[in-house]
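K.L.:
Just passing along the structure, written as structure tokens.
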Amino acid sequence: MPLVYGRGMVKTLLYMAVCVPVLAFGQMDSVQSGQEVSTRTDSTVLVVPVDSAQVAKPREAVLEGREVIGRRRGASATEPLTLSREELARSATLADALARLPGVEVRRMGGIGGYAEVALRHSPSQQVRVVVDGVAWKDQGSSSVDLGQFPTDGLEKVQVLQGAAAGSSGVPELRIQTRSAWLKRGASVGVGSFGERSLSGWWGDRDGIWSGSAWVQTSRNDWPVKWDRGTIYNTKDDTIVSLANNDFTGYGVGGAWRGLPDWKSTLRIERTEKGGAGLYVARPTARWNENRIQWRLESESEDVWSFPVSMGGRWTNSDWRDSGSGLDYRSNRQADETGLSGEVRWGAKRQAGDWADGWLAVLGRGELDSWTTTTPQEIRLTPDASRLGGGVSTGWTGKSDSGSWGSEAVVRMEWLFDRANFTENGMAAKGVIPDSSAQHAEFDAKVRIWLQPSRAAWKVWMGSASSRRVPDFYELYGDNGLTFASPKLRSEQNLSAEWGAGWDSRSASAKTSIWIARYEDPIRRKMIGASMASRFENDSGYLAAGWEFDAKICTDWGSVGGRIDLSRTWLESEYAAVAGNEMDRSPKWKWSVSADTPRWRGLVLQAGLDAIGPSWASPLNRPDDRLSGRMLWNAGLVWTKGPVRASLQSSNLTDRRFEEFENAPLSGRSWRAQLQCDFATHTKEPI
């Protein structure tokens, strides 16, 4: 089962993505470089508000990877933070790749396939909306999405949007796209430390009608970890161990089809299998398996007036087995959960590139969640629950006649109705009415204005966002008898603002932003006394603020990039010992630098340095809770010749070790090698 703790989120080091000139500034044909360029952004919102400089483009320029697209000045200041296919290939896990981006905090509980969750600008991790191929993602038995189950070899790109960012819907969002192969064919094979193996392939027809991909990634995850033997404050008995039964295997297939004008359909099928490793037993027998199927159908007309429609759904089944109670889950030796959800949206949209642009959409969705748990007494512990919802979303994007300034706004309102059926047996149902129903209201909103004089290389903007998130089934109704139901939870809310500026030329770019956010009634899991039982509660609110800076310089002599991330949190607690303190594991500063040599006979050498400051292990900020900062050295070698690309990446060259289990995947030097062949079947979308 995913390991979820209520002590806060680990903020890990940010690693500067290597600045390769042909990728950073789009000076190479997008098909020949192996990178598919797109000006579209997928979202759960039917009509995604984008910067007005991006609207009213001809259809040929928006089809993913089918056209050579020229780079606009100031583009880096308006586009979302994006991890390209090449950047993903440098990392063994999605969590590693995301940890390199500014404003992103990742907490990890294992290596490849291990539980990992993400927070954006100190937001609660469950407030980050994760969207995969346009379909909202949800994990069974967890209120946060587990990013450890996404093999990087099966992904095309990942976008990070803060609440007030251009193209966002007012809520922090992570958009994941399955590897696509429009007019492309290729394969990739990889090998790495701790038993990592990966293999993937992609294939698309010459007419650009369909695309398919498949992937598999496996790892033993037998990395060493420093174990405190259950005595946190006694360091004399600490030892180094390798986790048993910590293997992971993930495999799947994805496909997309464009057989009709203005329509696109996607399908993703996958399965993950992993062991349930523990530090307190030598060979645990626990196993966790999960199966997923999701699909989406949407229209994508680029006419001035259009009536887009989208519909999608997902089916998930997960099971937990621990016949020998290896992890001491004695009340939960076997658990099965099934989830089913669907959504449909329809709207009207105008995109002529002037002040009259806008859209309006209606939406409806439904969810079913069923969890069956078997204990030695074979009793049922947790409920079946369903949720129906409906609402409206609207937005507006406009710019001046000269295109030198403009604005955008988006609002979504939704009303939800829950129904849950409990049984009288089991801890999770004690004190709870057997049949429970509730109504909730949920919303997201954002407003943003920008200024960019004609033909200028710089752009400035300011924006604000607000959202309200309704608790999910796991938080409201518990899971396996060790998590009590909490039907009186209040919705989480946040309010944020951002001020920023960006500058972009042919050889250099820079982007900076100042932000502030307030989070009310955050939902956190809290242990009950000294027992293993827990429940979700609304915790004290907190205020967060920060400054981010990102710069790149690319010349004939190579490239250099750097990032600085300064931030602070202030807890708003009724306890004097906590009020005003820092959140758990919330370092005040991070920075990173990276450098590439110029290409010589296809070879590029890469080097990087990542640093993160000290933080606290608890909100009490006691001297004994202080965690030291760290610095990691990384290096890489990339060779490219035509469609063939070979790379060797190494991280933590000094073999730095860490004392915390959350940092276990960083416990020691690691390496990863990959060989890829990627070639185009056509250079332009046929008319």
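K.L.:
Among the numbered criteria (1) at pLDDT below 95; (2) in contact with a Phe, Trp or Tyr (Cβ under 7 Å, 6 or more places away or on another chain); (3) of a type outside the set (D, E, K, R), which single criterion is violated by Ile514?
P.N.:
Condition not satisfied by Ile514: (1).
K.L.:
Could I ask something else about it? Restricting attention to the stretch 431-454, does a residue exist that is modelled with pLDDT under 85, over 18 Å from Ser168 (Cβ atoms) and touching a Gly at 6+ places or on another chain (Cβ under 6 Å)?
P.N.:
There is no residue in the stretch 431-454 that is modelled with pLDDT under 85, over 18 Å from Ser168 (Cβ atoms) and touching a Gly at 6+ places or on another chain (Cβ under 6 Å).
K.L.:
Mind listing whichever residues of the stretch 468-504 are within 25 Å of Glu173 (Cβ to Cβ) and in a loop (DSSP other than H, G, I, E, B)?
P.N.:
Val470, Pro471, Asp472, Leu489, Arg490, Ser491
K.L.:
Within the stretch 498-520, which residues are under 30 Å from Pro487 (Cα atoms) and buried (at least 19 other Cβ atoms within 10 Å of the Cβ)?
P.N.:
Of everything in the stretch 498-520, those that are under 30 Å from Pro487 (Cα atoms) and buried (at least 19 other Cβ atoms within 10 Å of the Cβ) turn out to be Ala517, Tyr519.
K.L.:
Provide a single number: the residues in the stretch 533-549 that are in a strand (DSSP E or B) and either among the aromatic types (Phe, Trp, Tyr) or at pLDDT 90 or above (or both).
P.N.:
Final tally of qualifying residues: 11.
K.L.:
Still on this structure, please answer the following. Say whether the condition of being closer than 25 Å to Gly406 by Cα and touching a residue at least 24 places away in the same chain (Cβ under 8 Å) is met by at least one residue in the stretch 474-496. Spell out how you get there, then give the answer.
P.N.:
The initial filter retains those residues of the stretch 474-496 that are closer than 25 Å to Gly406 by Cα, namely 495-496.
Among the residues that remain, those that are also touching a residue at least 24 places away in the same chain (Cβ under 8 Å) are: 495-496.
Within the stretch 474-496, one or more residues are closer than 25 Å to Gly406 by Cα and touching a residue at least 24 places away in the same chain (Cβ under 8 Å).
K.L.:
Filter the stretch 523-554 for residues that are out of contact with any Ser or Thr (no Cβ under 8 Å at 6 or more places or on another chain) and not hydrophobic (A, V, I, L, M, F, W, C); which is least open to solvent (accessible area, probe 1.4 Å)?
P.N.:
Gly541
K.L.:
Any residue in the stretch 238-249 that is within 13 Å of Ala286 (Cβ to Cβ) sitting within a Cβ distance under 7 Å of a residue that is hydrophobic (A, V, I, L, M, F, W, C) and open to solvent by 50 Å² or more (accessible area, probe 1.4 Å)? List the pairs, counting only those 6 or more apart or interchain.
P.N.:
Filtered contacts from the stretch 238-249: Ala244/Ala282.
K.L.:
Name the pairs whose Cβ atoms lie under 6 Å apart, with the first residue in the stretch 316-337 and closer than 23 Å to Val145 by Cβ, the second assigned to a strand (DSSP E or B) and modelled with pLDDT under 75, and 6 or more positions between them or separate chains?
P.N.:
As it stands, the answer is Arg321/Gln334; Asn332/Thr373; Ala335/Thr373; Asp336/Thr372; Glu337/Trp371, since those pairs meet every condition given.
K.L.:
Note down all Cβ pairs under 6 Å where the first residue falls in the stretch 366-388 and is at pLDDT below 75, the second is surrounded by fewer than 18 Cβ atoms within 10 Å (Cβ to Cβ), and they're at least six residues apart or on different chains.
P.N.:
Thr372/Asp336; Thr374/Gln334; Ile379/Asn425; Arg380/Thr423; Pro383/Asn421
K.L.:
Can you give me the number of residues within the stretch 167-177 that are open to solvent by less than 10 Å² (accessible area, probe 1.4 Å) and either in a strand (DSSP E or B) or more than 22 Å from Glu414 (Cα to Cα) (or both)?
P.N.:
Residues that pass the stated criteria total 3.
K.L.:
Can we say Ala465 is in contact with a His (Cβ under 8 Å, 6 or more places away or on another chain), within 30 Å of Gly390 (Cα to Cα) and part of a strand (DSSP E or B)? Break it down into steps so the answer makes sense when it comes.
P.N.:
On the way: in contact with a His (Cβ under 8 Å, 6 or more places away or on another chain): no; within 30 Å of Gly390 (Cα to Cα): yes; part of a strand (DSSP E or B): yes.
Against the criterion (in contact with a His (Cβ under 8 Å, 6 or more places away or on another chain), within 30 Å of Gly390 (Cα to Cα) and part of a strand (DSSP E or B)), Ala465 does not qualify.
K.L.:
Those residues that are over 11 Å from the mean Cα position of the chain (by Cα) and not hydroxyl-bearing (Ser, Thr, Tyr), I need them from the stretch 158-173; list them, please.
P.N.:
Gln162, Gly163, Ala164, Ala165, Ala166, Gly167, Gly170, Val171
K.L.:
Do any strands (runs of 3 or more DSSP E) lying entirely in the stretch 565-677 carry at least 1 residues that are acidic (Asp, Glu), touching a Gly at 6+ places or on another chain (Cβ under 8 Å) and surrounded by 15 or more Cβ atoms within 10 Å (Cβ to Cβ), and which ones are they?
P.N.:
Here the list reads 589-596.
K.L.:
If you don't mind, there's one more thing I want to ask. Within the stretch 569-615, track down each residue that is β-branched (Val, Ile, Thr) and under 22 Å from Asn652 (Cα atoms).
P.N.:
Val593, Thr597, Val604, Ile612, listed by residue number.
K.L.:
Right, next: Are any residues in the stretch 86-113 out of contact with any Ser or Thr (no Cβ under 8 Å at 6 or more places or on another chain), at pLDDT below 80 and either assigned to a loop (DSSP other than H, G, I, E, B) or farther than 22 Å from Lys511 by Cβ (or both), and if so, which ones?
P.N.:
Correct list: Met109, Gly110.
K.L.:
Wholly within the stretch 212-295, which strands (runs of 3 or more DSSP E) include no fewer than the required count, namely at least 1 residues that are among the hydrophobic types (A, V, I, L, M, F, W, C), at pLDDT below 90 and surrounded by 22 or more Cβ atoms within 10 Å (Cβ to Cβ)?
P.N.:
Here the list reads 224-227.
K.L.:
Only one residue in Gly558, Gly562 is of a type in the set (Gly, Ala, Ser) and in contact with an Asp or Glu (Cβ under 6 Å, 6 or more places away or on another chain). Which one?
P.N.:
None of the other options fit; the residue is Gly558.
K.L.:
Something else now. If Leu161 satisfies all but one of (1) surrounded by fewer than 23 Cβ atoms within 10 Å (Cβ to Cβ); (2) closer than 20 Å to Glu117 by Cα; (3) not hydroxyl-bearing (Ser, Thr, Tyr), what's the number of the condition it fails?
P.N.:
So Leu161 meets the others, but not (1).
K.L.:
Sticking with this structure for a sec: Consider the stretch 555-564. How many of its residues are part of a strand (DSSP E or B) and surrounded by fewer than 16 Cβ atoms within 10 Å (Cβ to Cβ)?
P.N.:
1
K.L.:
Continuing with this model, one more query. Exactly one condition in (1) more than 24 Å from Asp504 (Cα to Cα); (2) modelled with pLDDT of 90 or more; (3) open to solvent by less than 40 Å² (accessible area, probe 1.4 Å) is false for Gly463; which is it?
P.N.:
That leaves (1) as the condition not met.
The values are calculated or read from the model by the stated rules, or taken from the named source; none is laboratory data. Keep in mind the model is a prediction, meaning the values are calculated, not measured. Glycine also receives a Cβ, built like all others from the backbone with ideal geometry; neighbour counts cover every protein chain displayed. All accessible areas refer to the heavy atoms of the entire protein, side chains included, with ligands and DNA or RNA removed. Shrake-Rupley method; radii C 1.70, N 1.55, O 1.52, S 1.80 Å.
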